[in-house]
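Derivation of every value follows stated rules applied to the coordinates shown; laboratory data play no part. All values derive from a computational prediction rather than experimental measurement. No Cβ is skipped: glycine too gets one built from the backbone with ideal geometry, and neighbour counts run over all protein chains shown.
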Ligand code: UDP
């Protein structure tokens, strides 16, 4: 199969591309505006890489769509701090630009694997009813759970809305024009090549990178609004294993299906995440002289600015991936955290020329 990977240079894309190239079963064309995370894969050969910005390259995008059998769309701005600081840009890329890809898939009758987000579920029904989601664990089910967003003034939801609208357009194209799509909703994947540490150049990354920065450099561990909200973490290799199955689509089982990819067993509050990371760091990586970060509470307004509202709890129901694809993730929370921390520690120690912890 000739596969076109759009947005292949991000965290998920780079790991997926590497796996597809290693498998050697398909012909891969990878596109991105940034190839840094793909460098090793490109050097290993067996891939066509094109430096490509989908904004303003319609003709070439249409030609590439026509020339491939399957389009995998990973193009996104997917970082909560951006939803608050650059909401219009987040909407334009995540909806307007992505819609063009969907349109070309309709026109040239190509199957599309569209990356969406678990954020489309929004807040839990418990929170919307003024209850605590800690008392009402409610797994999100792809084709059943209502999608509940906060008010417009909390503009963080523009990302979730853009992605939700894109999902709805793909569904409508399926009904009206026979588009064959599969939609993926990732639930907090982590692993090697995740966001960089925070800096002036790379901005405000996700929580794991912030906490790693604290452990390596002694900056405070900031618990936004007390770190009471929940996330369930999935190791990127497990996620990629499921994504490859969706791409290969055994017996058409993924045709016009939406899939949660996640690990419900790996659920923690953000405060528990910080505590687990400190414990693993101390046991497996700490060296004499390493700084000891303090843990402090900060308000979400202070951390992100006005317009942020948190997803209180996101438990994936993964019955569909298990039933249709025989998939289940293999890594428990401690191994997910250890392997991802090792990636950061190795990079940090290599930069500072110190021995690498085992
Ligand atoms: N968060 C935190 N401290 C940080 C960064 C994030 O407490 O330094 C919280 C954030 O408010 C959210 C959770 O951690 O509740 C996960 O945020 P992340 O940026 O990883 O992305 P999300 O899972 O919301 O997409």
Highest mean packing first, using Cβ neighbours within 10 angstrom, the peptides 282-288, 221-227 sort as 221-227, 282-288
Helix 11-23 sits off the longest principal axis of the Cα atoms of the chain, rounded to the nearest 10 on a 0 to 90 degree scale, by 60 degrees
What is the helix-to-structure angle for 236-248, meaning the angle in degrees between its Cα long axis and the longest Cα principal axis of the chain, kept from 0 to 90 and rounded to the nearest 10?
10 degrees
Protection proxy (average C-beta count within 10 Å per residue), highest first, orders 41-50, 121-130, 178-187 as 178-187, 121-130, 41-50
To check you understand DSSP bridge types, tell me what percent of the beta bridges within the chain (both residues inside) are antiparallel, rounded to 5.
10 percent
Roughly how far apart, in whole Å, are the Cα centres of the range 202-247 and the range 112-138?
18 Å
The range 1-102 shape via C-alpha gyration tensor axes, a/c threshold 1.5
oblate
In degrees rounded to 10, the 0-90 angle between helix 207-217 Cα long axis and the longest Cα principal axis of the chain is 40 degrees
Per-q log10 I(q)/I(0), the chain, q = 0.07, 0.09 Å⁻¹ (Debye; single scatterer per alpha-carbon; no solvent):
-0.29, -0.49
Among 217, 233, 196, residue whose mean-square fluctuation peaks in a GNM of the chain (springs only between Cα atoms under 10 Å)
217
Can you give the FRET efficiency to the nearest 0.05 for residue 144 and residue 346, using r as the Cβ-Cβ distance and R₀ = 41 Å?
0.45
